[in-house]
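K.L.:
First the structure, then my questions, so here it is.
The values are calculated or read from the model by the stated rules, or taken from the named source; none is laboratory data. Computed from a predicted structure; not experimentally measured. Please note: Cβ atoms are built from the backbone with ideal geometry, for glycine as well, and neighbour counts cover all protein chains shown. In case anyone asks, the SASA skips ligands and DNA or RNA and just uses the protein heavy atoms, side chains included. Shrake-Rupley method; radii C 1.70, N 1.55, O 1.52, S 1.80 Å.
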Amino acid sequence: MTKVKNNRLLSIDVLRGFDMLMIIFADRFFIELHEGSQNKFTEVLATQFNHPEWFGFRLYDIVMPLFLFLVGVVIPFSLERRVQETGNASSLYKHFIKRFIILFILGWVVQGNLLHLNIENFKIYSNTLQAIAVGYLFTCIAYMHLNKKGRYLIFTICLILYTLILEFSNIPGAGNSELLPDKNIAIYIDRLVFGRFDDGYQYTWLLSGLGFIATTLSGVFAGELLKSQLPRKKVAYSLVLIGVLGIILGLILNFWHPIVKKLWNSSFVLTSSGICFLLLATFYWVIDVKGYVKWGKPLKIIGINAITAYVLSHVINFPAIADQLLFGLKQYTGPFYETIIVTGGFLILYALLWYMNKNKTYIKI
């Protein structure tokens with residue numbers, strides 16, 4: 001057993017790596033595994049790594065909220081350091097806006113079809129990185145200019161306001177907004193504003209920004225706990241308590257305002273943020289309280305270059321590269337060949353991330 005240094009929270013990097021593992025490997029792996037095996041157990045796993053059509057919550061639904069949540073977790077640490085380095089909080093706006101723009105552009109590269117070089121395929125707002133950009137920018141502003149009570153108030157206002165808008169708005173020519181696909185005010189506004197550059201799916205983005213901000217703020221609340229002078233065990237217990245409370249509130253709200261990940265509505269924010277708190281509590285307890293760190297090193301390698309891993313996994317078809325190397329196995333592995341090349345593709349990407357970490361190459365924006 002190796003003890004963690006008191007000034008280093010490895011759990012954040014490891015948890016980020018765990019989240020990225022779900023995105024760059026686990027989802028497609030379990031889907032392909034079920035295609036090959038076709039049994040009830042793998043069917044359950046494959047189902048959990050697919051989003052529900054509309055209402056409800058599955059395991060894979062936690063991936064994107066956890067990404068935003070962890071962005072919020074590090075804000076209390078990173079902003080304090082940047083303020084100390086610059087000596088001028090106002091100068092940080094340049095950094096915020098620069099990061100916002102870079103994340104938006106990377107979102108266009110990953111899912112906005114920028115690389116098609118065809119304006120007909122371009123989508124303005126359609127990706128996790130762009131949701132992070134919005135959550136990050138507004139949360140940083142709130143953190144700089146508001147005290148804790150003010151940030152809690154903004155979090156609450158975001159949830160209440162978004163709920164009221166979704167439930168009680170009127171859609172021109174269509175009547176009252178309903179929490180249904182193509183019948184809610186959020187999708188109406190997106191299609192009105194983006195026109196032919198809308199992503200064409202049921203996911204919503206502009207009004208959902210209220211949910212993105214709330215999710216990122218929930219991460220800030222967790223980060224403030226981690227940064228506090230409380231004993232580490234008490235921090236872990238507090239994370240668990242808040243997580244359980246968030247899930248309970250989300251499930252209570254779900255009875256009237258059902259969970260819809262595609263809308264990122266308030267019941268989804270509360271439930272997913274609660275789960276994020278519990279995940280952080282678990283990783284924090286194991287790594288930073290109990291000091292068990294060796295098992296987390298492979299995940300840390302992914303987590304420390306998370307955005308690089310995310311972008312590369314979406315721009316480069318690593319399983320296709322693995323197919324060029326492993327095609328000879330197809331005759332022996334039958335229906336499991338796709339599972340093998342998905343695994344091979346991941347290992348190629350992981351080898352690249354491992355090499356970057358070994359050479360202390362970290363791409364930050």
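K.L.:
If the chain between Tyr201 and Leu146 were fully stretched, how many nm would it gain, using 0.36 nm times the residue separation less the Cα-Cα distance?
P.N.:
Full extension of this stretch gives 16.2 nm more.
K.L.:
So who's got an amide H within less than 5 Å of the one on Val260, skipping anything under 5 residues away but keeping other chains? H placed 1.01 Å off N, in plane.
P.N.:
Residues meeting the criterion, in which the H sits 1.01 Å from N, are Asn265, Phe268.
K.L.:
Keeping all protein chains in place and using 1.4 angstrom, which order do Ile165, Ile252, Ile171 fall into by accessible surface area, from largest down?
P.N.:
Descending accessible area places them as Ile252, Ile165, Ile171.
K.L.:
Measuring from label point to label point, each 7 Å out along Cα→Cβ, what is the Ile101 to Phe255 span in nm?
P.N.:
It works out to 5.0 nm between the two label points.
K.L.:
Give me the 1.4 Å probe accessible area per residue for segment 208-316, excluding ligands and nucleic acids, in Å².
P.N.:
37 Å²
K.L.:
Ok, one more. Given (i) 1.20; (ii) 1.42; (iii) 1.01 as candidate values of Cα Rg over 2.2 N^0.38 Å, which corresponds to the one derived from the coordinates?
P.N.:
Calculated Cα Rg over 2.2 N^0.38 Å: the matching label is (iii).
K.L.:
I've got another one for you. Please report, as a whole percent, how much of the solvent-accessible surface of the chain comes from carbon and sulfur atoms (probe radius 1.4 Å).
P.N.:
Carbon and sulfur atoms account for 64 percent of the accessible area of the chain.
K.L.:
Using 0.36 nm times the number of residues separating Ile119 and Ser228, minus their current alpha carbon distance, what extension gain do you get?
P.N.:
34.4 nm
K.L.:
Hey, another quick one. Suppose every K and R has +1 on its Cβ and every D and E has -1 on its Cβ; what is the size of the dipole of the chain about the Cα centre, in Debye to the nearest 20?
P.N.:
So the dipole magnitude of the chain works out to roughly 1760 debye.
K.L.:
Further question on the same structure: Select from Ser267, Gly328, Leu230 the residue farthest towards the positive end of the dipole of the chain; place +1 on Cβ of Lys and Arg, -1 on Cβ of Asp and Glu, and compute about the Cα centre.
P.N.:
Checking the options against the dipole of the chain, the answer is Leu230.
K.L.:
While we're here: Let me spell out the model: positive unit charges on the Cβ of Lys and Arg, negative unit charges on the Cβ of Asp and Glu, origin at the Cα centre of segment 171-281. What dipole size does that give, in debye rounded to 20?
P.N.:
Taking the Cα centre of segment 171-281 as origin, the dipole is about 460 debye.
K.L.:
Probe of 1.4 angstrom, ligands and nucleic acids ignored: what's the accessible area per residue over segment 58-147, in square angstrom?
P.N.:
46 Å²
K.L.:
Right, another one. For Ser177, what residues show an amide H to amide H distance below 5 Å, using hydrogens built from the backbone and excluding near sequence neighbours?
P.N.:
Close amide H contacts, sequence-distant or interchain: Ser169, Asn170, Ile171.
K.L.:
Report the FRET efficiency, 1/(1 + (r/R0)^6), for Lys183 and Ile248, where r is their Cβ-Cβ distance and R0 is 41 Å, rounded to 0.05.
P.N.:
FRET efficiency, Lys183 to Ile248: 0.90.
K.L.:
On to the next question. Segment 140-211: which chymotrypsin sites (Phe, Trp or Tyr not before Pro) are DSSP loop and have at most 12 other beta-carbon atoms within 10 angstrom?
P.N.:
Sparse-neighbourhood loop chymotrypsin sites (Phe, Trp or Tyr not before Pro): Tyr201.
K.L.:
Next question, about the same structure. Peptides 55-63, 117-125: what's the order by average Cβ count within 10 Å, highest mean first?
P.N.:
Final packing ranking: 55-63, 117-125.
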